[in-house]
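Shown next, in structure tokens, is the structure this report addresses.
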Amino acid sequence: MIAGIKDIESEISDVLNEFGIKDNVEIRYSNIENTDIQCNNLVRYSNNPDINDIKDKLGKSLLVHPFIESVEIAQNGFINLNFSNEYLKIFAKNHNSRIISSKKEAILFDYGGPNIGKDLHVGHIRTLNIGRSLYNIFKIAGHDVVSDIHLGDWGMPIGLILAYIEKESIDINSLTYLDLEIIYPKASELSAGNKDFYKEAQEISKKLNSKNEEFLSKWKIIYNLAIPNIKNLLQNLNYEFDLWRGESDVVEEVKRVVADAKEKNLVVEDDGALISTEKVDPPILITKSDGSYLYLTTDLGTVVHREKSQIYDKYIYVVDSRQKNHFEQVFKTVKHFNLSSSSFVHVGFGTVNGPDKKPFKTRDGNVYKLSKLHEDIKEKLKKYNENEEVLNILTNTVLTFSDLLPNRNQNYEFDLEKFTDINGKTGVYIQYAQVRARKLLESNTEIINADVDNEYNPDERKLLVLLSKFDYFYNQSLDNYQPHHLAEYLYSLCQTFNSFYANNKIFSDDVPDNLKLKRIEIVDNFYTLTGLIFNCLGIELVDSM
RNA sequence: GCGUCCGUAGCUCAACUGGAUAGAGCACCUGACUUCGGAUCAGGGGGUUGGGGGUUCGAGUCCCUCCGGACGUGCCA
């Protein structure tokens with residue numbers, strides 16, 4: 001909230017105190033028309049015998065505050081306040097200083113999580129978009145943020161791939177990336193109905209854990225084949241990571257976590273497997289009955305590995321909600337095994353569905369690759385713009401904005417036609433508004449010198465009021481790990497701007513200089529804040545379109 | 001069975017975590033200075049927030065109960 005609002009809160013609090021009322025007074029932005037901010041505390045005292053005196057006193061004392069131009073206390077007790085234009089003008093800008101966190105933390109973001117051998121697909125866009133957005137939002141708040149893609153480059157999937165290569169006598173040296181993406185599904189399918197093959201894969205996986213040189217070198221070949229491809233695609237889609245660590249980096253830590261837990265009697269044997277001594281239902285499985293490790297074990301090792309180089313205050317895992325139980329187990333076990341004293345957060349999200357309400361697949365029922373989705377969006381947008389660079393940013397905008405708009409808690413329906421439409425609540429619309437503002441600022445070539453007053457017409461004032469509310473939406477996104485608040489806000493900003501724009505000419509001969517300047521300042525505020533929000537969401541700006 | 005998330009306009013989604021008359025987009029209908037920046041703008045219809053009960057000055061939001069859906073539930077990741 002705007003600094004200074006606190007003063008108003010305590011003024012109200014003081015008045016209430018005089019009448020013997022102790023209450024935690026809170027001022028909030030209003031969504032009532034023609035009201036900027038409001039206070040609801042008085043409502044529950046509408047039966048107080050002194051209510052009229054309280055209202056009187058409040059009405060007078062609030063009006064002398066320099067921020068406040070008008071005070072209206074409704075019959076039912078809502079206190080409605082409006083900013084003076086002089087201050088509104090200030091509140092509509094300088095947002096950065098308002099959102100810097102007073103307590104700076106080191107935060108690690110774990111998201112992305114692509115697997116070697118499996119292409120990135122539609123199911124990955126939410127972790128990528130939400131992860132990147134939260135990373136940016138926390139960074140802007142002043143935190144020390146680090147992103148780690150957390151590659152799935154170890155364990156059974158790799159065992160399966162290598163077992164398949166063995167079985168089919170494939171020459172690993174002439175393998176291409178395209179072969180790799182065919183091999184994994186086949187191997188996975190084979191393992192489902194073929195126990196011997198599954199066992200073989202398991203053996204290879206175990207050999208890798210004990211650093212068997214032959215398989216380690218084969219693993220390396222596959223790793224080197226897959227990683228450049230993943231990097232290339234993600235770079236195209238404008239996703240960057242500070243760390244490219246994976247499960248293969250934490251093998252030693254996993255072993256040590258298990259050995260330590262054994263030594264400290266934090267695990268017991270059960271059906272040949274090790275489970276945590278923590279009494280929870282279902283029990284937490286630490287190793288399989290053959291002694292090999294699990295997803296959970298690897299995640300424990302990862303925590304230890306991370307803390308070897310830096311201890312973070314907070315770890316944020318952006319992984320789909322189906323894994324909620326898994327992360328609860330991980331976080332509990334981290335504390336139980338005393339592996340870290342930091343805080344751990346799982347940011348879950350629902351699935352991306354197709355028109356059939358089921359996880360989005362291609363028309364023929366196959367996995368919808370992320371690269372294909374990118375191409376398909378691009379194809380739809382081609383008819384509006386042919387510049388390759390603009391087209392690429394617009395494509396990424398659609399891929400990001402559409403995905404961040406719905407609340408992450410729920411599943412949502414990915415509608416290619418709708419999301420690439422030039423009309424509606426789309427990535428294209430927000431880019432267009434931004435470009436318009438930019439063009440206006442660029443047209444402002446001659447420096448106008450004029451005295452600008454603080455009078456605003458309804459369009460101008462509406463935009464300024466909305467601009468002033470940024471910190472509310474920003475904090476909603478930050479506190480709840482939900483970028484959609486900012487995405488929704490961005491859309492309404494653009495809509496309000498477009499309305500302002502249509503009805504308020506600037507570079508027209510009949511517009512006097514002081515009005516030109518006043519409006520240009522508003523446009524400048526809009527453009528600056530929009531840029532900041534684009535940044536929060538991980539969307540690049542196009543120069544023109 | 002147990003657990004988690006969810007059910008809001010014809011469709012897709014919001015709603016300041018308990019605040020005032022539940023908002024947007026799409027679709028549908030009606031308009032806009034000869035387009036300039038129009039990939040835009042203004043307006044209209046459309047709702048018993050799955051049903052019922054409760055708490056409260058005040059409920060889409062909290063509690064109970066039923067109905068309906070998605071997901072998870074010890075050796076995949």
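The values are calculated or read from the model by the stated rules, or taken from the named source; none is laboratory data. Since the model is a prediction, treat every value here as computed from it, not as a measurement. So basically every Cβ, Gly included, is an ideal-geometry build from the backbone, and we count neighbours across all protein chains shown.
Brief remarks on what is shown
- Any chance A:K505 is among the basic types (K, R) and more than 9 Å from RNA strand B (Cβ to nearest atom): no
- Given (1) assigned to a helix (DSSP H, G or I); (2) not assigned by TED's automatic domain parsing to the domain that holds A:S443, number of the condition A:K516 does not satisfy: (2)
- The set of residues in segment A:392-416 that are more than 8 Å from RNA strand B (Cβ to nearest atom) and surrounded by fewer than 18 Cβ atoms within 10 Å (Cβ to Cβ) contains only A:L416.
- Those residues of segment A:1-33 which are in contact (Cβ under 8 Å) with a residue 40 or more places away in the chain and small (G, A, S), in sequence order: A:A3, A:G4, A:S30
- Failed criterion for A:F500 (all others in (1) surrounded by 20 or more Cβ atoms within 10 Å (Cβ to Cβ); (2) more than 23 Å from A:V398 (Cβ to Cβ); (3) more than 10 Å from RNA strand B (Cβ to nearest atom) hold): (3)
Let's see how each residue does on (1) in contact with a Phe, Trp or Tyr (Cβ under 8 Å, 6 or more places away or on another chain); (2) farther than 17 Å from A:I539 by Cα; (3) part of a helix (DSSP H, G or I); (4) touching a residue at least 60 places away in the same chain (Cβ under 8 Å):
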residue: A:G365; (1), (2), (3), (4): no, yes, no, no
residue: A:S371; (1), (2), (3), (4): no, yes, yes, yes
residue: A:K378; (1), (2), (3), (4): no, no, yes, no
residue: A:Y384; (1), (2), (3), (4): no, yes, no, yes
residue: A:T395; (1), (2), (3), (4): no, no, yes, no
residue: A:L399; (1), (2), (3), (4): no, no, yes, yes
residue: A:N407; (1), (2), (3), (4): no, yes, no, yes
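- Selection of segment A:128-162 for residues being among the hydroxyl-bearing types (S, T, Y) and out of contact with any Phe, Trp or Tyr (no Cβ under 8 Å at 6 or more places or on another chain) yields only A:S133.
- Number of positions in segment A:327-360 that are within 15 Å of A:D415 (Cα to Cα) and either in contact with a helix residue (DSSP H, G or I) (Cβ under 6 Å, 6 or more places away or on another chain) or without any contact (Cβ under 8 Å) to a residue 12 or more places away in the chain (or both): 4
- Top-ranked residue in segment A:324-344 [being over 18 Å from A:T287 (Cα atoms) and buried (at least 16 other Cβ atoms within 10 Å of the Cβ); ranked as nearest to RNA strand B (Cβ to nearest atom)]: A:F344
- All of A:K358, A:K324 fail the test of being more than 21 Å from A:D249 (Cα to Cα), over 22 Å from the mean Cα position of the chain (by Cα) and of a type outside the set (S, T, N, Q), apart from A:K358.
- Residue in segment A:227-270 that is nearest to A:I539 (Cα to Cα), counting only those that are among the acidic types (D, E) and loosely packed, with under 15 Cβ neighbours inside 10 Å: A:E240
- The residue list A:L300, A:L285, A:L296 contains one member that is among the hydrophobic types (A, V, I, L, M, F, W, C), more than 23 Å from A:S147 (Cα to Cα) and over 22 Å from the mean Cα position of the chain (by Cα), which is A:L285.
- Tally, over segment A:14-31, of residues that are surrounded by 17 or more Cβ atoms within 10 Å (Cβ to Cβ) and under 19 Å from A:N52 (Cα atoms): 4
- Index of the failed condition, A:I316 passing every other in (1) within 13 Å of RNA strand B (Cβ to nearest atom); (2) buried (at least 18 other Cβ atoms within 10 Å of the Cβ): (1)
- Checking A:K139 against (1) under 23 Å from A:D403 (Cβ atoms); (2) touching a residue at least 40 places away in the same chain (Cβ under 8 Å), the condition it does not meet: (2)
- Residue in segment A:430-446 that is of a type in the set (A, V, I, L, M, F, W, C), in contact with a helix residue (DSSP H, G or I) (Cβ under 8 Å, 6 or more places away or on another chain), closer than 25 Å to A:H121 by Cα and assigned by TED's automatic domain parsing to the domain that holds A:D479 present: no
- Condition check for A:G272: closer than 20 Å to A:L128 by Cα, at pLDDT below 95 and not charged (D, E, K, R): no
- Residues satisfying the stated conditions in segment A:271-313, i.e. surrounded by fewer than 17 Cβ atoms within 10 Å (Cβ to Cβ), outside any loop (DSSP other than H, G, I, E, B) and near RNA strand B (Cβ under 6 Å from one of its atoms): A:Y295
- Segment A:63-85 - residue that is away from RNA strand B (no atom under 11 Å from the Cβ), over 35 Å from the mean Cα position of the chain (by Cα) and not hydrophobic (A, V, I, L, M, F, W, C) and, of those, surrounded by the fewest Cβ atoms within 10 Å (Cβ to Cβ): A:P66
- Within segment A:10-65, the set of residues being out of contact with any helix residue (DSSP H, G or I) (no Cβ under 9 Å at 6 or more places or on another chain) and within 28 Å of A:Q476 (Cβ to Cβ) comprises A:S10, A:S30, A:N31, A:I32, A:E33, A:N34, A:T35, A:Q38, A:N40, A:V43, A:R44.
- Qualifying residue in segment A:106-125 (condition: of a type in the set (V, I, T), closer than 30 Å to A:T35 by Cα and either within 15 Å of RNA strand B (Cβ to nearest atom) or modelled with pLDDT of 95 or more (or both)): no
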